[in-house]
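All remarks here apply to the structure that follows.
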Amino acid sequence: MEQLSEVTIEPIDLAAWAPYALEVQSAAFGLSPEEIAVRLQIVGRHAQQPGVLALGALCGGRLVGFGYGMPNLREHWWSTVIQPYLEARGYGDWLDGVFAVTELHVLPQYQGCGLGSALIRSLCENSGKHRSILSAIDAETPARRLYRSLGYRDLARAVHFPNTDRPYAVMGARLPLLDRWS
């Protein structure tokens, strides 16, 4: 595993870095070539959204992790899917005035050394919002444990997105995120 000190986290142009980001996401999340092609178009659309923040974790000029997000809008596709789940649990207000962490991925060989935490912290700190929301696979994964350690809690579980069989959890946190080392 590379040392974290060899990695820098810096803002990236999401549209320009999208192909590299999808390589990272594919390695971290296990995507088929067809899924990569679809997600590349989605990332391109997200790059044009007002308020989008994108960060890359770079080691020797190579993207080894990335994250991006944007102010959540109810008319976004993702929001329309999660809205009934949140409203059923009394959390419909979490769709308004929040920063949505859209993607966060780190290459497997760089996981476990604090990059995911550093990326999400920086995104949220620079969002200008008081709350953050995200979705994650609804299973006990390292990602879910990371999110919980930073203060995210489940707002809805067993959320089903079209074109996937995996259930997701929607998680929310008040900002600033918790200091997981204290």
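The values are calculated or read from the model by the stated rules, or taken from the named source; none is laboratory data. Bear in mind that the values here come from a model prediction, so they are computed numbers and not experimental data. Neighbour counts run over all protein chains shown; Cβ positions are idealised from the backbone, glycine included. Note: areas computed on protein heavy atoms with side chains; ligands, DNA, RNA excluded. Shrake-Rupley method; radii C 1.70, N 1.55, O 1.52, S 1.80 Å.
Residue under question is L115, and the condition is that it be out of contact with any Phe, Trp or Tyr (no Cβ under 8 Å at 6 or more places or on another chain) and open to solvent by 10 Å² or more (accessible area, probe 1.4 Å); does it hold?
Spelling it out, it is not the case that L115 is out of contact with any Phe, Trp or Tyr (no Cβ under 8 Å at 6 or more places or on another chain) and open to solvent by 10 Å² or more (accessible area, probe 1.4 Å).
Checking M70 against (1) over 18 Å from L155 (Cα atoms); (2) of a type outside the set (V, I, T); (3) in contact (Cβ under 8 Å) with a residue 40 or more places away in the chain; (4) open to solvent by less than 50 Å² (accessible area, probe 1.4 Å), which test does it fail?
(3)
Identify all residues within segment 146-167 that are open to solvent by 50 Å² or more (accessible area, probe 1.4 Å) and under 21 Å from G114 (Cβ atoms); write none if there are none.
Within segment 146-167, just R148 meets the criteria.
When segment 141-159 is examined, which residues are found to be free of Cβ contacts under 8 Å to residues at least 12 places away in the same chain and in a strand (DSSP E or B)?
Once the filter is applied, which keeps residues that are free of Cβ contacts under 8 Å to residues at least 12 places away in the same chain and in a strand (DSSP E or B), segment 141-159 yields nothing.
Name the residues in segment 63-115 that are farther than 18 Å from G172 by Cα and hydroxyl-bearing (S, T, Y), would you?
Scanning segment 63-115 gives a single hit, Y110.
State the number of residues belonging to segment 69-114 that are touching a helix residue (DSSP H, G or I) at 6+ places or on another chain (Cβ under 8 Å), more than 29 Å from W17 (Cα to Cα) and of a type in the set (F, W, Y).
Adding up the residues that qualify gives 1.
What's the number of the condition S132 fails, among (1) in a loop (DSSP other than H, G, I, E, B); (2) surrounded by 13 or more Cβ atoms within 10 Å (Cβ to Cβ); (3) in contact with a helix residue (DSSP H, G or I) (Cβ under 9 Å, 6 or more places away or on another chain)?
The number of the failed condition is (1).
Just wondering, is there one or more residues in segment 5-13 that are open to solvent by 70 Å² or more (accessible area, probe 1.4 Å), more than 12 Å from L63 (Cβ to Cβ) and in a helix (DSSP H, G or I)?
Within segment 5-13, one or more residues are open to solvent by 70 Å² or more (accessible area, probe 1.4 Å), more than 12 Å from L63 (Cβ to Cβ) and in a helix (DSSP H, G or I).
Can V52 be described as open to solvent by less than 60 Å² (accessible area, probe 1.4 Å) and within 13 Å of the chain's Cα centre (by Cα)?
yes
Which residues, taken from segment 55-67, are among the small types (G, A, S) and open to solvent by less than 10 Å² (accessible area, probe 1.4 Å)?
G56, A57, G65, G67
Taking segment 77-91 on its own, how many of its residues are in a loop (DSSP other than H, G, I, E, B) and open to solvent by less than 40 Å² (accessible area, probe 1.4 Å)?
The total comes to 0.
Restricted to segment 26-49, and to residues that are touching a residue at least 60 places away in the same chain (Cβ under 8 Å) and not small (G, A, S), which residue is nearest to G116 (Cα to Cα)?
Restricting to residues being touching a residue at least 60 places away in the same chain (Cβ under 8 Å) and not small (G, A, S), the top hit is F29.
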